[in-house]
Amino acid sequence: MVTFLHTADWQLGKPFSGVGDAGKRARIRQERFDALRRVRDVAREKRVAFVLVAGDLFDSPTPSKTLVAQALGLIGEIPVPVYVIPGNHDHGGLGSLWEQPFFVSEQRRHAPGLRPLLERRPVDVGDAVILPCPLLRRHDTGDPSAWVHDLDAAALGDKPRIVLAHGSTATFGQAPDGEDVAGPANLIDADRLQGPDVDYVALGDWHGFLEVGPKAWYSGTHETDRFPRPGQRPGHVACVTATRGGAPAVEAVATGRLGWHAVSIDAGDDAPARCETELAAVTHGAGFDACLVALTLSGRLSLGARRELDRVIESWSHRLLDLGLDDRTTTVPSAEEIRGLVERAGDPIVAGVAAELVRIMEGDPAAADDARTAIDILHGLCRTAGEAGR
Amino acid sequence: MRLESVTLRSYRIHAETTVAFDPSRTVIGGPNEAGKSTIVEAVHRALFLRARTSGALLDAMRSSVHPGPPAVDLRFEAEGRRYTLVKQFTGTNSAPTTLVEEGGATLRNEQAEERLRDLLDAEMVAGQGGERRLRMQWAHLWVWQGVAGHDPLEGEPMERPLERLSRRLGGLQEGDVLESPFDAAVGAAVAGIQAARTKAGGAPRTDSPLGVAESALAAARAAAAGARDALDALADAVDEAERSGRTIAESDASLAARRREQEDTGRLLEEVGRLEILRAHEEAAAKVASGRLGALEDADRQILASDETILRIEDRRAPAVERHAAAVLAEQEAERRLAAARREVDRRRAEHDDVAAIVEIHRRAEHLERRRTEREGLAGRCARIAEIRARLSGLESRLAALPVVEAADLAALSELERKRDAARTRVDAIAARVELLAADAPVTLGGVPLGPGGSETIGADTDLVVGGTRLRIAPGGGTSLAEARRLLDEAVASLEARIRAAGIADVDEARRVQPQRQSVASQLDAAREAIEGLGGASADADLIRLDDEIAALDSALARSAPPGFARPAGLGEAIAARVAVEGRLESLVRESSTAAAEVQAAERIRADAVDERECTAAQVRHVEDELRTATARRDVLVSEHGTDRAGAIAAARLARDEADAALAGTVAALSRLQPDVLRQRAAMLARAVEKLTEARQAAQAARTVALARLRTEGTVDPHDDLARARAAERAAEAAVAHAAREARAHALLARLFAEKKREIEARFVAPLVVRVADYLRPVFGPDVQVAVDHADGRFRSLVVARPGAGAPPVPFAALSGGTREQVAAAFRLAMAEILAPDHGGCLPVVFDDAFVNSDPGRTGAVQSMLDLAANRGLQVIVLSCNHRDYDPLGAAVVELLSPGQRASRPPGAGSPGGA
């Protein structure tokens, strides 16, 4: 029997390029390093024998030296051996980071407990036998775990046998969690792996904590790095106790801190108020400055409401760690706003222009967008001129 | 507002003049200086100039002939009431102004001015700049002299009236179609944003949001491309490393196979090498045997050929020897002939020398004779010179005997004689004659008594005593006689002194002697010239020298003449003898030339004979050389190869056949091994090994380079860079889309604002341009159109168009002078018509000589325009020198008189009256 931590998809150095603010981008990246200390603490707390990283320790096969040094420094703080296979993000092969002199040197000096498993052959780690399935290129058309089936199981002894692999499984189809899957690659036959010769299959690539079968689990990423799908549980590690020939005991232990929230609001002119309310609600737990929100807005807004909504969104976009906006709203001047522009008895030009814009807006759909923007601008200029005139 | 009447008192030329205005049409006529303009100026000043005004304005209003301050009484109707305004321009603060409202209050001074300002909606002018501000009051209604053709939209005076017009037009619109300040502010903001964001052609400015977004997108795309390239370079490096690894493995396998093949081929090539050496030896032996046989056969052939050659040479030798003998004989004959010719030449040369010596003797003899002849002539000249010298001596003696009176002396004597005679004549002319006719007392003259009948001529002061009376007679009246006598004495003395000096008795002698001296002197000169002509002093010496020369020549001739030489008798004989021997000499010269030519011919013949002899000798030598050579060669061959040449040849042939057989066996063995194919294969294998080695090295190098490239610097993460670059590109694309939509919206707004503004402006000016066109229709016809721009509260660009005439619209400034007057008048009338409702429905419009440039043909049309204005309620007042021109207008006419006319009228008839 052996107890170990199963984790994956640290993707250290992930750029989060969708986050516009460089400072916030850096904070989110840093959070993935900080979460490693929580992994370390769990390892101590659970007194595990070792830690398995099922691929994608780094986000890129060419991380910078700074990133490598930082990562190895933190891994060096983990008090037990750490076994890692290359995933599709940090795949092995010629010239890969695992062979880079700097990596090798830093690893020896600062993370002697880290052992990259770059070959597909059994590795006896004392309490268990690890069957690593490293990815040697980003997309491998074959099953990286296929070699396991050809093993002479009898030769492996009576230690728990743990397959360490990275890729998608038939269980959740060919739409795994990788954001850059380009076809049926790295497909692992998890069902076949879960035979009597294997005691646990530690999988990586799916970023949520997921049981694929009685012996196969995705641990998910240790710190949430995207907006989770419904039911997906990122931000955990799996604490596994495996026995030769027995069923594994798997426990999800939370290690993530950031809140990633997808919020959809379908509203009219109450959109600003609802935004305020719902954003405050979802960020209440982690705190607004530790939250990233994907806000989807829909509905029809008046010009005034639009302006107010813009103000609310601008405020939240600066307060939150990131606010991704999918704005599907349509801004349409309200009847009152149209009257305010068109029925200006003393201002015939403004009124005439506004009336013409309304006519265009209601006519050719191709021109309507521009006309809507124009009437929005006109509305703004009128407000400015009105305020200046007061 | 309508003017009713005005009275001017003590205002410039007007002592007191009253003019009554017709409610609609008034024409004020009168000659120049009648004060027409002064009337309307006075009305204007009464209305707008404060009475306390002083300075230049007041001075200009004062009368130089009529006492008292200028004053104006004006009656007018305004806002339905009638007023009487009285202003006395005293230039003091207490200047009286009274405004009396009929049936109402009487206002005075400041109150009156204030009320007036309200009624007229104008400024009451006083103080600094009064003249300029005065001109700005009702400038649209008062067409002063000289401004009728000005653009009514231009100039400071028209600014306020046009502002009023603008306001009034705004009031005329149905609804609010005038651009509001809010419209203007928003429009300006729209235009400002559009101008700030786009260039003239509509393209976005680089600093506009769209321009910035597009620049950012371009930069982001470039960055993404760069990041992609960097990543591709890494992927390429992986590919290259894998590819080169495969190449190395494949090269190693192929190299091993090729090297095995090389070993097999090498063994076969060694056998080939051994056989080739053997073949070389056998080839050499066969070659030697064949050479021995060939040499023997060749020597045999050569010996036979040499025998034949010797025979042929001997055949050629005999004729050559014969030709050489003939040539030797010919040469000897030529030598003989040449010697004879040369002897003949020598003989003739000796004879020539002899004759030439005789010719020289003859020439000397001829020269001697010539000198003798010359000597005779010189002796004759010497005798002649002696004769002339004897005559010269006689003449010199004769000249010496004559007194020395030269022509100059004679001229001087004659001059002195002439002066003496002149002095004497003067003395004689001054002398007086005294004749005593009768006396009763003794009379003495000059102390010499003078009796009756006696007379005396006196030439000097002489006392005349008659009895006790003494008289002094002074001839010539004073000292002149004495002076004349002194001059006479001097002349006589000078003459006599000169005569004495010349050694003659008198002047007449001089006149005789001087020609004689001259004659003798001439003869002396002639004799001397004759001597000089004959040789003069040198002639005798020449004669002596010639005698010496003749003696010497004679002696020399005697020495050189051959015995028997007959001296010629005289020059003629000498010349004849010399010519005769010279003829002989020339004949000898010609004969010598002929002999020399014969020698040359003989020399050429001898040279040809020598050449022939040498040539034939050379031929003989050549043939003999050939014969010797051929004979020697044959002798050598015979000595080398002996006499049993056939046996030697047979033995050599056998040896050659054996060597050839051995060689053929070796060649066959080599052929079976195919050495060329073997060598080609060996070369091919060597090449293949070389190429494979090179390929392996290149692959090794490429792999090293690729692996080095994969060992990145590690300062950046190219995957990270690309992810960020892609995100930046997407963000930039979104920003461009957003900015483009905004730019289109701004452009749309700017276009709509401009269109709406133009539409409103056109509607705004419609009442004005319709009225202006109404007034111009009598002048330009029914199709006339007028356009005026109105933007930002200002009128601009008055344009007249006549589409019927097919002419393009014409801006005001481009119209002719007369047309400008008419268009400006129409504009002013239209303005007045539009503004009249603010003044009780009527306004006066004053035209002071306002149509002076108008075509006489348009006078009627202009009057129709004015009549239309009157019909529409305006009060038209026209000032003209020719008021009869306005008769068709049917206006009330006020005719002012000139100052002269006014003076001739009876007192009390001053006021011109009125309509």
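The values are calculated or read from the model by the stated rules, or taken from the named source; none is laboratory data. Just so it is clear, the structure is predicted and the values come from calculations on it, not from any experiment. Here the Cβ positions follow ideal geometry from the backbone for every residue, glycine too, while neighbour counts run over all protein chains shown. All accessible areas refer to the heavy atoms of the entire protein, side chains included, with ligands and DNA or RNA removed. Shrake-Rupley method; radii C 1.70, N 1.55, O 1.52, S 1.80 Å.
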| message | So if I check each of B:A740, B:A754, B:A725, B:A750, which one is under 30 Å from B:E240 (Cα atoms) and more than 7 Å from chain A (Cβ to nearest Cβ)? | response | B:A725
| message | Take A:R307 and tell me if it is more than 12 Å from chain B (Cβ to nearest Cβ) and open to solvent by 30 Å² or more (accessible area, probe 1.4 Å). | response | yes
| note | For segment A:84-117, the count of residues that are open to solvent by 20 Å² or more (accessible area, probe 1.4 Å), under 27 Å from the mean Cα position of the chain (by Cα) and under 23 Å from A:V163 (Cβ atoms) equals 4
| Restricting attention to segment A:118-145, which residues are touching a His at 6+ places or on another chain (Cβ under 9 Å), hydrophobic (A, V, I, L, M, F, W, C) and open to solvent by less than 10 Å² (accessible area, probe 1.4 Å)? | A:C133, A:L135
| note | The lone condition B:T53 fails out of (1) modelled with pLDDT under 90; (2) more than 20 Å from B:V876 (Cα to Cα); (3) surrounded by fewer than 21 Cβ atoms within 10 Å (Cβ to Cβ) is (3)
| request: Kindly indicate whether any position in segment B:689-704 is facing chain A (nearest Cβ under 10 Å) and in a helix (DSSP H, G or I). | output: yes
| query | Taking segment B:843-866 as the search range and keeping residues that are in contact with a helix residue (DSSP H, G or I) (Cβ under 6 Å, 6 or more places away or on another chain) and acidic (D, E), which one is least open to solvent (accessible area, probe 1.4 Å)? | reply | B:D848
| field | Subset of segment A:89-105 [assigned to a loop (DSSP other than H, G, I, E, B) and either more than 12 Å from chain B (Cβ to nearest Cβ) or of a type in the set (S, T, Y) (or both)] | value | A:S96
| query | Could you list, in sequence order, the residues of segment B:374-388 that are over 15 Å from B:S538 (Cβ atoms) and open to solvent by less than 70 Å² (accessible area, probe 1.4 Å)? | reply | B:G380, B:A383, B:I388
| query | For segment B:74-132, what are the residues that are under 26 Å from B:D22 (Cβ atoms), open to solvent by 20 Å² or more (accessible area, probe 1.4 Å) and part of a strand (DSSP E or B)? | reply | B:R75, B:E77, B:R81, B:R82, B:T84, B:V86, B:T98, B:V100, B:E101
| field | A:R44 vs. criteria in a helix (DSSP H, G or I), open to solvent by 20 Å² or more (accessible area, probe 1.4 Å), within 10 Å of chain B (Cβ to nearest Cβ) and more than 14 Å from A:H236 (Cα to Cα) | value | no
| query | Of all residues in segment B:135-160, how many are crowded, with 21+ Cβ neighbours inside 10 Å and either touching a residue at least 24 places away in the same chain (Cβ under 8 Å) or among the basic types (K, R) (or both)? | reply | 9
| query | Quick one: is B:A662 on the phi < 0 side of the Ramachandran plot, within 14 Å of chain A (Cβ to nearest Cβ) and either buried (at least 18 other Cβ atoms within 10 Å of the Cβ) or in contact (Cβ under 8 Å) with a residue 12 or more places away in the chain (or both)? | reply | no
| message | The conditions are (1) part of a helix (DSSP H, G or I); (2) surrounded by fewer than 18 Cβ atoms within 10 Å (Cβ to Cβ); (3) within 8 Å of chain B (Cβ to nearest Cβ), and A:I349 fails exactly one of them. Which is it? | response | (2)
| Being over 12 Å from the mean Cα position of the chain (by Cα) and in contact (Cβ under 8 Å) with a residue 60 or more places away in the chain, is that true of even one residue in segment A:254-265? | yes
| request: Quick one: which residue in B:A224, B:A196 is open to solvent by 40 Å² or more (accessible area, probe 1.4 Å), at pLDDT 90 or above and within 14 Å of chain A (Cβ to nearest Cβ)? | output: B:A196
| query | Inside segment B:822-835, can you point out the residues that are among the charged types (D, E, K, R) and touching a strand residue (DSSP E or B) at 6+ places or on another chain (Cβ under 9 Å)? | reply | B:R828
| request: For segment B:669-686, state whether one or more residues are crowded, with 16+ Cβ neighbours inside 10 Å and either within 14 Å of chain A (Cβ to nearest Cβ) or closer than 30 Å to B:L234 by Cβ (or both). | output: no
| Are any of the residues in segment B:74-87 touching a Pro at 6+ places or on another chain (Cβ under 7 Å) and at pLDDT below 95? | no
| request: Identify the residue in segment A:9-41 that is hydrophobic (A, V, I, L, M, F, W, C) and open to solvent by 50 Å² or more (accessible area, probe 1.4 Å) and, among all such residues, is farthest from the other protein chains (Cβ to nearest Cβ). | output: A:A26
| Only one residue in B:D236, B:D264 is assigned to a helix (DSSP H, G or I) and at pLDDT 90 or above, so which one is that? | B:D264
| message | Against the conditions (1) within 13 Å of chain B (Cβ to nearest Cβ); (2) open to solvent by 30 Å² or more (accessible area, probe 1.4 Å), where does A:T330 fall short? Just the number, please. | response | (1)
| said: I'm trying to understand the selection: among the residues of segment B:133-185, which are among the hydroxyl-bearing types (S, T, Y) and more than 14 Å from every other protein chain (Cβ to nearest Cβ)? | reply: B:S166
| Those residues of segment B:754-803 which are buried (at least 17 other Cβ atoms within 10 Å of the Cβ), farther than 25 Å from B:L866 by Cα and touching an Asp or Glu at 6+ places or on another chain (Cβ under 7 Å), in sequence order | B:K757, B:I760, B:E761, B:H790
| query | All but one of (1) part of a helix (DSSP H, G or I); (2) surrounded by fewer than 20 Cβ atoms within 10 Å (Cβ to Cβ) hold for A:I338; which doesn't? | reply | (2)
